[in-house]
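The values are calculated or read from the model by the stated rules, or taken from the named source; none is laboratory data. Every value quoted in this text rests on a predicted model; they were computed, and no experiment measured them. We place every Cβ from the backbone using ideal geometry, glycine too, and count neighbours over all the protein chains shown.
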Amino acid sequence: MLTLTGVVAGYGGGGNVLQGVDLSCPAGSITCVVGPNGAGKSTVLRVISGLLRPRGGAVTFDGHPIGGIAPDAVLRLGVAHVPQSHALFPSMTVRENVLMGGFLVRRDRALLRRRYQAVADLVPLIGQRQGDRAGNLSGGQRRMVEIGRCLMLGPRLIMLDEPSLGLDPQGLRAVAGLIRQLNQDGTTVLLVEQNVRFGLGIASRGVVMDSGVVRLDGPAEEIMRHPEIATLYLGGTASKPAAAG
Amino acid sequence: MSVDAAVAPIRRRWLGNRQLVVAIPLSALVLYPVIRPYDVYEHLVMSLALLLAIQAVSWNIISGYAGYVSLGHSVFLGLGCYTAGILSERTGLNPFLAAPVGGVAAVVVALLAGSVVLRTRGHAFVIITIALLFATEVVATNWTSLTNGSNGMWLPIPFWSNDFQYLPFYVFFLLVLFVTLGFSAAVRRTKFGTGLVAIREDEGKAAAIGVNTTRYKNLAFCASAFFSGVAGAGYAYLLGYINPTGSFAILASVMVVLAALIGGRGTLWGPVLGAFIVEFGNEAATRYGSNGGANGRVLVFGVALVLVVLFLPAGLLPTVASWWRRRHPTAVRYTDQAAALSDGHIEVRMRASSASTADTTRGPTTLLEVRGATKRFGGLVAVDNADLSVARGSTTGLIGPNGSGKTTLFNLVTGGMRADAGEIWLDQRRIDRMPPWSRGHLGLGRTFQVTRLFRGMTVLANVVAPLPDARWRTMLASAVRGHEADRARELLSYLGLVDFADEPAGSLSYGQQKLVELAQVLMMEPRLILLDEPAGGVNPSMVARMGQIIKDLNQQGITFLVVEHNIPFVLDLCDHVVVFSRGRAIAQGTPAIIRNDAAVLDAYLGEDWAASPEPAARAVPRSGDNSPQHTGAPPVAFLAGGD
């Protein structure tokens, strides 16, 4: 469904953060990208969503080349991006924030209302707190609203940058459940996670990135079991504790 | 490392170019009157350009570095004019000699205005500066016994021979410009300057790292006023006649702002460059425009401003600099996972306890105590009559569901928000009415859930910026070299980030920013560190390292209060855990107790918690003594093998 071939990208005057990334997300899969901080994982998502123009390589979504096209055009094709940093409008209410997610279809009020209802059903928090200002929510609650907001356009691919960030254990389970639910309903998911156990736990495919390239990809199970990967990036969680002494 | 070797020569050559770029125009300015001594009209125009440059450079100190835009900055020029005029009329003092007094007069007015309006944040300052300009003009018009009102004042005829014409003014303004530039450059190199930029980037965060924002802003405003006041005396002498409408003109203020915006606000040389462009444009409009150029000038300024906003939002110099960087890209650095995970150790700088330990009422073992703190947001009670105490030398964990008020409690303790009720004591001193920086000076540091670095500043500047105390010596210490910068580099290498020292902090990944924020806090020589989700968004291997670092620091006497959702991490790290729910503590005890507490399981962990034991943090070896244990170096071969 989504394919990246030899993507090269970097910010402003800097060098290339991505040095030829090859990545693909088959339709209906949950793909989780892991790797050290600063390896370029979030940059990959920025390139796909059109926030960063690639300097080389190709990005195709459903056969459409989307490398370097405007973010709203990527959105229209059905790719939604939930970035890492909190991006709610703090002085708007939760409901207004979620409705902003449907900005591109704002003319169709009936559709907007229907989608909002669906999202509020899927993420109960949105229904419960819809009149509160987003600025009064805690970090984890904002996360849930952000994910809910990206569903307003009925995306076929959603990209989540560290959905687990700042979530308590119950929140984590709720988000995991939400992601599985969305996936079962036919949405393809691309995750970037530092909470590797959580990320690879719900993913069907795992991708390990380091220093701007993809080191390894394969079924999530296999990635978890890979001994060197485990020691270097997974904190020894998957197989055995990090070699001590 | 090979990357370093490749990058170093590029940097050095570029620095050499930069010095050359600065040296050539400056020597041209010095040599110009020597080579062409009889260009009288040109000397006048150049003198006015230098005058505008002085104003723009001094404006830049408060409005460029600190980000508080003054729209009525020519009020200080006018005050300098009038001080020189009054002094020379009453005492016969030469206006050049009266120049420092003009500067002092400007400082007095700046201090009066600043001490009122700079206490708060935001846009009030802009309005006040405009109001100040108009108010001063009204005073100058009506205080006729002092200023001769709207009739204006005459200044003495220059004492030098007619042959010199405007040359002495040229030299005077050039000298003042050099002094102003020297001051501006010195400010940039001290922690004072770093603090001003910190205020511009994130004032709340600046206060949290010990920057006394009120004092900083006032100092910057005064310095900024001083140089304009000094220049004003020379300007009055040059004009020979001053009156209120001429001395306190809004258009003159607009020119100052425009000059700095065109050249590059917040840079050292940008305002000088901009001043020459604006003054020459102004002169051309006056000379070639119809109607004496008055309307033409306004039109030219308006068009220039529109063009700047559209095409050079950062100003000329920053635009050229970023174009240069794009042409000469440096290699991207990645986290060296193997090096970052290797064991390091750092000596913590400790401060003496400020309170006597003889006090028996609260006991010396409690470092932080929160009593009955309450904070409401509208109808929502975020912190509800909460009590919390943190024992000296402990690592206390604070866990609880999202929205239970943990971060709000942090904000109350560090001063980011003020509690509606309750008391907060740190080391037997009540701190809940103190400004955030004073709490920082007592040894209280914090990190943020979503990192708040000064994204435009380099990583090194970010780490140098915090102030452990309120002393002037600390404030005026060099931020570029010397013990402060050395200490910052030491902390960065401890955290495996020294290679990133000269990168803008905004270019770092999230997890790296977390580490930089920790380095910032350590720079404050804290006794108590509040960590808001230190492991969130950090690579699992680094999480283990983070745990090691916290333990290492804790053994050296730093107390920690940690908010974290990674439960295995918390249970392994902390010796005492407090569980928050609905704005107050519902349970506390040792990790073993918390793990089995029914209320905790219900409110937070969920009943199936016990079924998923995550060993994430258990990879951290518990070191019982001071000598850090060495975890085996990860297989470096893997990293090298991929290239």
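With respect to being closer than 30 Å to A:PRO169 by Cβ and either touching a Phe, Trp or Tyr at 6+ places or on another chain (Cβ under 9 Å) or crowded, with 24+ Cβ neighbours inside 10 Å (or both), B:LEU398 fits the description. Where residues in segment B:244-267 are in contact with a Leu (Cβ under 7 Å, 6 or more places away or on another chain) and farther than 23 Å from B:ALA135 by Cα, which of them is surrounded by the fewest Cβ atoms within 10 Å (Cβ to Cβ)? Result: B:THR267. Considering every residue within segment A:80-91, establish whether at least one is of a type in the set (Phe, Trp, Tyr), closer than 24 Å to A:ARG142 by Cβ and either in contact with a Gly (Cβ under 9 Å, 6 or more places away or on another chain) or not in a strand (DSSP E or B) (or both). Yes, there is a match, as at least one residue in segment A:80-91 is of a type in the set (Phe, Trp, Tyr), closer than 24 Å to A:ARG142 by Cβ and either in contact with a Gly (Cβ under 9 Å, 6 or more places away or on another chain) or not in a strand (DSSP E or B) (or both).
Please work out if B:PRO540 is in contact (Cβ under 8 Å) with a residue 12 or more places away in the chain, within 14 Å of chain A (Cβ to nearest Cβ) and surrounded by fewer than 24 Cβ atoms within 10 Å (Cβ to Cβ). So B:PRO540 fails the test. Only one entry in A:ARG53, A:ARG143, A:ARG46 is at pLDDT 85 or above and outside any loop (DSSP other than H, G, I, E, B), namely A:ARG46. Taking segment A:1-30 as the range and being polar (S, T, N, Q), in contact (Cβ under 8 Å) with a residue 40 or more places away in the chain and away from chain B (no Cβ under 14 Å) as the test, the residues that pass are A:THR3, A:THR5, A:SER29.
Return yes when A:GLY50 is buried (at least 17 other Cβ atoms within 10 Å of the Cβ) and of a type outside the set (Val, Ile, Thr) and no when it is not. In short, yes. Every listed requirement among (1) within 14 Å of another protein chain (Cβ to nearest Cβ); (2) touching a Ser or Thr at 6+ places or on another chain (Cβ under 7 Å) is met by A:THR188 save one, (1).
The rows are residues; the columns are (1) of a type in the set (S, T, N, Q); (2) in a helix (DSSP H, G or I); (3) without any contact (Cβ under 8 Å) to a residue 60 or more places away in the chain.
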position	(1), (2), (3)
B:LEU93	no, no, yes
B:ALA98	no, yes, no
B:ALA105	no, yes, no
B:ARG119	no, no, no
B:GLY122	no, no, yes
B:ILE127	no, yes, yes
B:ILE130	no, yes, no
B:THR136	yes, yes, no
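The residues on offer are A:THR31, A:THR5, and the sole one that is surrounded by fewer than 16 Cβ atoms within 10 Å (Cβ to Cβ), at pLDDT 90 or above and β-branched (Val, Ile, Thr) is A:THR5.
Let's see how each residue does on (1) touching a strand residue (DSSP E or B) at 6+ places or on another chain (Cβ under 7 Å); (2) among the small types (Gly, Ala, Ser); (3) within 11 Å of chain B (Cβ to nearest Cβ):
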| position | (1), (2), (3) |
| --- | --- |
| A:ALA120 | no, yes, no |
| A:ILE126 | no, no, no |
| A:GLY139 | no, yes, yes |
| A:GLU162 | yes, no, yes |
| A:GLY177 | no, yes, no |
| A:ARG180 | no, no, no |
| A:ASN183 | yes, no, no |
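Within segment B:191-210, the residues that satisfy the criterion of being among the hydrophobic types (A, V, I, L, M, F, W, C) and within 19 Å of B:HIS123 (Cβ to Cβ) are B:LEU196, B:ILE199, B:ALA206, B:ALA207. For the subset of segment B:495-510 comprising residues that are touching a residue at least 40 places away in the same chain (Cβ under 8 Å) and part of a helix (DSSP H, G or I), which member is farthest from the other protein chains (Cβ to nearest Cβ)? Residue satisfying both the conditions and the ranking: B:ALA505.
Residues of segment B:144-161 that are surrounded by fewer than 18 Cβ atoms within 10 Å (Cβ to Cβ) and either of a type in the set (A, V, I, L, M, F, W, C) or closer than 13 Å to B:PRO37 by Cβ (or both): B:LEU146, B:TRP154, B:ILE157, B:PHE159, B:TRP160, B:SER161. Given the conditions (1) over 30 Å from B:PRO436 (Cα atoms); (2) touching a residue at least 40 places away in the same chain (Cβ under 8 Å); (3) part of a helix (DSSP H, G or I), and given that B:ASP163 satisfies all but one, which numbered condition is not satisfied? So B:ASP163 meets the others, but not (2). Per the conditions (1) away from chain A (no Cβ under 14 Å); (2) modelled with pLDDT of 85 or more, the sole criterion not satisfied by B:GLN513 is (1). Pick from segment B:565-578 the residues that are buried (at least 24 other Cβ atoms within 10 Å of the Cβ) and under 34 Å from the mean Cα position of the chain (by Cα): which of them is farthest from the other protein chains (Cβ to nearest Cβ)? Applying the filter and picking the extreme gives B:CYS574.
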